[in-house]
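I have a structure here, written as structure tokens, and I will follow up with some questions on it.
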Amino acid sequence: MKRVILLIIGLSAAGAVFGQSKSEVQRFQKAMELLRSSPPQVEKARAALEKLTASNPAYAAAWVGLGEAYSAFAPFDAAKARHAFVRGAAAGAERQSMFRWMHNAMNQGWYAHADSAASAYLDLPKTPGAQRVEAEKIRASARFAQSAVLRPENYAFRRLSDSVNRLDMNYFPSISGDNATLYFTARQRSEQSDEVILASQRTSVEWGAAQPLPGSLNTRGNEGAVSIRGDQRVMAFAACERGDGYGSCDIYFSIRRADGTWSEAQNAGPAINTTQWESQPCLSADGRELFFVRESRQGQGNANIWRAELREGRWVDVRPLPATINTPGMESTPFLHADGRSLYFASDGHLGLGGTDLYLSRRLNDTAWSVPQHLAYPLNDHLDNFGLVVRPDGSEAFLARGGMYEGAERVDLYQLSLPKAYQPTPILWWTVWVADRTTGRPVPQSEWSISDPERSATVAHRGPNYQVALPLGSPRGFQIQAPGYQLLSERKVLGERSSDARTDTLWLDPIKSGQRTRLENVYFATDSDVLLPESRPELQSLAAWLKANPSVRVQIQGHTDNQGSAAYNLDLSRRRAEGVYRELTLQGIESNRLEFKGFGMTKPVDSNDSEQGRARNRRTEILIL
């Protein structure tokens, strides 16, 4: 609408330069004022322009204004708009008529008209270079759109209930890692500056009544564009015109307290916020990445998506996404699915159906993304489409529909089915607790080292539980220690999916002589005593545990399966145990606290008749002496 108003102002100024009478110019300017009024007096403006063009068919600006009245203001009329713009071009305003007609036709989804108008503009001589680029883009998009609308997808849109869509405007949804809570921004139409963040809990059949978040997060100002970390302990959102802000709008964080309330907003700081406009944050499920939108000034049309990484409590490596994603146009509402690879976003700079469209790009590596995939009609259409988020299993998504800026009466949240081609890798939200085996109580002072052998990555964590989003079949190695407890080493692989979330418990035993621990995450090259790199996190945790318990002495024991001779396996098991011994001494553990011994194939824990059994028999253990 802003561009339309500016065009109307330009037409008003131009109305006097075509040799019309003073009375005609005044009548034209009065009609433009009717379109500028709030609300626009469209029918009166059309009637005035119809009379003016009938009395003076050579009044080009009046024809262009009439074309605007029929193509930019409801109720729309494509035939009358085209007639008016064609007459305006014939009267001498070829560039302005065809340029406005191709834009408005594209905005209304009149793709054949947009195609012909853009082609007509490009056929004109000496058109400005920037406008030619714009016309070429509109023509390409119009031709793409004419084909795209012939291949619709079935999204099965379903409006969420009134208990969720309880205010006039409901938008920017964010889903928790376990798919149990839907957060979103809402406001009444009459309270433009008072956005609040609401949350709805999933019930067995529907979403429950949305409620304001408890605590100090919501204020009398505006809080919006919310993004929740997967474990629902941290929230990112945008707020504008605050005393501690760096620019017009900044990104803030809130922490969920132990009693379930949310803390006061904390500015993300100068690494993220600048004197420009920052908004629409997206926290990754693990909270280690932040995607957000930065624009020189809101509404300037040059917004791009940026990414930052959290390292040791600080946001670093803050940079825009590559040109594969960002264009000279406007990108917005990034959403990184919990699979860590699938990025959904909106853009008006890529080939699309008009307005802002939704796209999907897959992460290829740490810096590269795939060419964005346009989400098919009717999820995308000629209107602005943005703010899509996808549930953990990838089958469904949420977004707002109704239009945000064009005087919409309502904006509501919808749920939709996502076609397979646009689905991310399904994930399961996994919560792992650590508890005392004797008392059954959680151990809050637990120190975790969680290794991902597929990515050769390790995460440190502290507390009684750990939550993570993982695809099915993903392995994780856990090394957990706590004061007074034996080192715990576990390797787990997520199996079949039965729900959106799964909970497991790992058990800690008090330290005592004779206890044995299998080092589940120590790996050797085949038929060798060479430790593989993925063993390092496990051995570092073992060394840290020994340093935290200086009175403990251990024997490192090596075991094999029955493949090969007894003598060969005995020697191999001894050399592997010695390899762990050497690594621990290199990490500062005194040799008088360590012993090593090989047992070969003499102490199996499973049958050697299957590969699974033999794998269990090939192991390294520590025995507390």
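The values are calculated or read from the model by the stated rules, or taken from the named source; none is laboratory data. Quantities reported herein were computed from a predicted structural model and do not represent experimental measurements. FYI the Cβ positions are ideal-geometry reconstructions off the backbone, even for glycines, and counts take in every protein chain you see. What goes into the accessible areas is simple: the full protein's heavy atoms, side chains included, and nothing from ligands, DNA or RNA. Shrake-Rupley method; radii C 1.70, N 1.55, O 1.52, S 1.80 Å.
Checking Asn302 against (1) open to solvent by less than 40 Å² (accessible area, probe 1.4 Å); (2) part of a loop (DSSP other than H, G, I, E, B), which test does it fail?
(1)
Which of the residues belonging to segment 502-535 are without any contact (Cβ under 8 Å) to a residue 40 or more places away in the chain and not hydroxyl-bearing (Ser, Thr, Tyr)?
Within segment 502-535, Ala525, Leu532 qualify.
Additional query: Find all pairs meeting these conditions: Cβ atoms under 7 angstrom apart; at least six residues apart or on different chains; first residue within segment 584-604 and buried (at least 19 other Cβ atoms within 10 Å of the Cβ); second residue basic (Lys, Arg).
Correct list of pairs: Gly598/Arg574.
Something else now. Could you please let me know if Val205 is within 22 Å of Val390 (Cβ to Cβ), of a type outside the set (Lys, Arg) and either touching a residue at least 60 places away in the same chain (Cβ under 8 Å) or open to solvent by less than 70 Å² (accessible area, probe 1.4 Å) (or both)?
Criteria not met by Val205.
Could you list, in sequence order, the residues of segment 41-83 that are more than 19 Å from Arg100 (Cα to Cα) and either within 40 Å of the chain's Cα centre (by Cα) or among the charged types (D, E, K, R) (or both)?
Glu43, Lys44, Lys51
Quick check, is Thr431 more than 24 Å from Ile624 (Cβ to Cβ) and either charged (D, E, K, R) or assigned to a strand (DSSP E or B) (or both)?
Criteria met by Thr431.
What strands (runs of 3 or more DSSP E) completely inside segment 455-539 contain at least 1 residues that are open to solvent by less than 20 Å² (accessible area, probe 1.4 Å)?
465-471, 475-481, 488-493, 501-508, 516-518
For segment 208-227, how many residues meet the condition of being open to solvent by less than 40 Å² (accessible area, probe 1.4 Å) and in contact (Cβ under 8 Å) with a residue 40 or more places away in the chain?
Number of matching residues: 9.
Among the residues of segment 558-579, is any charged (D, E, K, R) and under 18 Å from Gln479 (Cα atoms)?
Within segment 558-579 (the criterion being charged (D, E, K, R) and under 18 Å from Gln479 (Cα atoms)), the answer is no, since none of the residues qualifies.
What are the pairs with Cβ atoms under 6 angstrom where one residue, in segment 325-336, is under 7 Å from Ser347 (Cβ atoms) and the other, located anywhere, is open to solvent by 20 Å² or more (accessible area, probe 1.4 Å) and part of a strand (DSSP E or B)? Sequence gap at least six, or different chains.
Glu331/Asn304
Can you pull out the residues in segment 356-374 that are open to solvent by 30 Å² or more (accessible area, probe 1.4 Å), part of a strand (DSSP E or B) and either closer than 18 Å to Pro281 by Cβ or without any contact (Cβ under 8 Å) to a residue 40 or more places away in the chain (or both)?
Those that are open to solvent by 30 Å² or more (accessible area, probe 1.4 Å), part of a strand (DSSP E or B) and either closer than 18 Å to Pro281 by Cβ or without any contact (Cβ under 8 Å) to a residue 40 or more places away in the chain (or both): Arg362, Arg363.
Okay, residues lined up against (1) at pLDDT 95 or above; (2) under 22 Å from Thr185 (Cβ atoms); (3) outside any loop (DSSP other than H, G, I, E, B):
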| residue | (1), (2), (3) |
| --- | --- |
| Arg297 | no, yes, no |
| Ile325 | yes, no, no |
| Tyr344 | yes, yes, yes |
| Gly354 | no, no, no |
| Ala376 | yes, no, no |
| Phe386 | no, yes, no |
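Kindly indicate whether Ala567 is open to solvent by 10 Å² or more (accessible area, probe 1.4 Å), part of a helix (DSSP H, G or I), out of contact with any strand residue (DSSP E or B) (no Cβ under 7 Å at 6 or more places or on another chain) and not hydroxyl-bearing (Ser, Thr, Tyr).
Answer is yes for this residue.
Given the conditions (1) touching a helix residue (DSSP H, G or I) at 6+ places or on another chain (Cβ under 6 Å); (2) surrounded by fewer than 17 Cβ atoms within 10 Å (Cβ to Cβ); (3) outside any helix (DSSP H, G or I), and given that Gly558 satisfies all but one, which numbered condition is not satisfied?
(2)
When segment 110-128 is examined, which residues are found to be over 14 Å from Glu94 (Cα atoms), open to solvent by 50 Å² or more (accessible area, probe 1.4 Å) and not hydrophobic (A, V, I, L, M, F, W, C)?
His113
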